[in-house]
Amino acid sequence: MKTKKLIFLKLIFYLSLFCFYPYGFAENTPVHIPALLPDIAFENSLSKEELQYLGIQRDSRFFSINDINGIFILVELTNTYCVSCQKNIKIFNKVYKKTLNNKELREKIKIISIAIGNNKQEVDCFKNEHNILYPIITDPEFTAHKALGEPRVPYTMYVRRDAEGKLLIFKTHKSVFDSSDILMNEIRLICSEYFNCYSF
């Protein structure tokens with residue numbers, strides 16, 4: 001009974017935080033672009049398949065986004081109780097499948113979400129309920145969110161690996177994407193500019 005009550009109270013808290021956030025809270029300043037992606041350690045709560053997709057060692061207890069095997073990473077900040085965030089799911093699922101099924105792109109482009117304020121149980125329920133295909137990592141203590149300037153969710157960062165192997169945030173997108181086609185067109189332009197990819 002206590003568990004149900006705690007879940008209910010937590011739900012009310014997140015609804016007030018994320019649904020009514022623009023009216024009652026001041027947004028902190030997200031990182032200035034371009035900027036190096038902070039090297040944040042995440043607890044490894046991913047499945048074997050998700051780790052394989054990201055190219056991360058399975059026996060690692062912790063990992064950072066810098067450990068991901070990709071030269072372009074689309075990183076979304078989300079929350080399992082954020083209604084607006086749910087609108088991005090179909091869009092990201094389509095882009096995930098499109099890039100994964102392209103031989104030229106599957107090793108270059110990776111897509112992940114960071115669930116700020118959520119634990120593994122919340123994320124697992126969220127993924128099952130909405131049939132989410134791409135990996136979601138947990139940020140239960142808001143560590144990543146604070147390091148990135150505490151932007152409102154959903155918030156998406158376009159991250160690329162530079163010549164020295166460092167991850168650079170070179171573009172961001174606030175709120176919900178209009179469509180998967182618009183996002184795919186952006187990725188096409190990015191690939192043609194940085195990675196010499198023209199075939200998808």
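The values are calculated or read from the model by the stated rules, or taken from the named source; none is laboratory data. Predicted, not measured: the structure shown is a model, and the values here were computed from it. When we count neighbours, we look across all protein chains shown, and the Cβ atoms used for this are built from the backbone with ideal geometry, even at glycine.
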* **Pairs, first within 26 Å of K127 (Cα to Cα) in the range 27-48, second modelled with pLDDT under 90 and hydroxyl-bearing (S, T, Y), C-beta under 6 Å, six or more apart** => N44/S60
* **Which listed residue is over 20 Å from F177 (Cβ atoms) and not charged (D, E, K, R), from T99, T80, T138** => T138
* To do: Scan the range 142-156 for residues that are touching a residue at least 60 places away in the same chain (Cβ under 8 Å) and among the hydrophobic types (A, V, I, L, M, F, W, C) and jot them down.
  => A144, A147, L148, V153
* Asked: In this structure, does L100 turn out to be crowded, with 19+ Cβ neighbours inside 10 Å, under 23 Å from L51 (Cβ atoms) and at pLDDT below 95?
  -> no
* **Criterion (crowded, with 18+ Cβ neighbours inside 10 Å, at pLDDT below 95 and not small (G, A, S)) met by exactly one of F63, F25, F20, F92** => F63
* To do: Among the numbered conditions (1) assigned to a helix (DSSP H, G or I); (2) of a type outside the set (A, V, I, L, M); (3) surrounded by fewer than 23 Cβ atoms within 10 Å (Cβ to Cβ); (4) touching a helix residue (DSSP H, G or I) at 6+ places or on another chain (Cβ under 9 Å), tell me where R106 comes up short.
  => (1)
* Asked: So which residues in the range 43-77 are among the small types (G, A, S) and farther than 16 Å from D139 by Cβ, if there are any at all?
  -> S47, G55, S60, G70
* To do: Quick one: D139 ticks every box in (1) touching a residue at least 12 places away in the same chain (Cβ under 8 Å); (2) under 14 Å from E50 (Cβ atoms) except a single one, so which number is it?
  => (2)
* Would you check if there is a residue in the range 166-179 being of a type in the set (G, A, S), surrounded by fewer than 16 Cβ atoms within 10 Å (Cβ to Cβ), in a loop (DSSP other than H, G, I, E, B) and under 15 Å from the mean Cα position of the chain (by Cα)? => yes
* Asked: Can we say E122 is surrounded by 16 or more Cβ atoms within 10 Å (Cβ to Cβ), assigned to a helix (DSSP H, G or I) and without any contact (Cβ under 8 Å) to a residue 60 or more places away in the chain?
  -> yes
* Every residue from the range 135-155 that is out of contact with any helix residue (DSSP H, G or I) (no Cβ under 7 Å at 6 or more places or on another chain) and either of a type in the set (D, E, K, R) or farther than 16 Å from P38 by Cβ (or both) -> P140, E141, K146, E150
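Each row is one residue, and each column tells you yes or no for (1) under 15 Å from the mean Cα position of the chain (by Cα); (2) touching a residue at least 60 places away in the same chain (Cβ under 8 Å); (3) surrounded by fewer than 23 Cβ atoms within 10 Å (Cβ to Cβ); (4) assigned to a strand (DSSP E or B).
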| position | (1), (2), (3), (4) |
| --- | --- |
| R58 | no, no, yes, no |
| I73 | yes, yes, no, yes |
| S113 | yes, no, no, yes |
| L133 | yes, no, yes, no |
* To do: Look at N128 and say whether it is assigned to a helix (DSSP H, G or I), free of Cβ contacts under 8 Å to residues at least 60 places away in the same chain and at negative phi.
  => yes
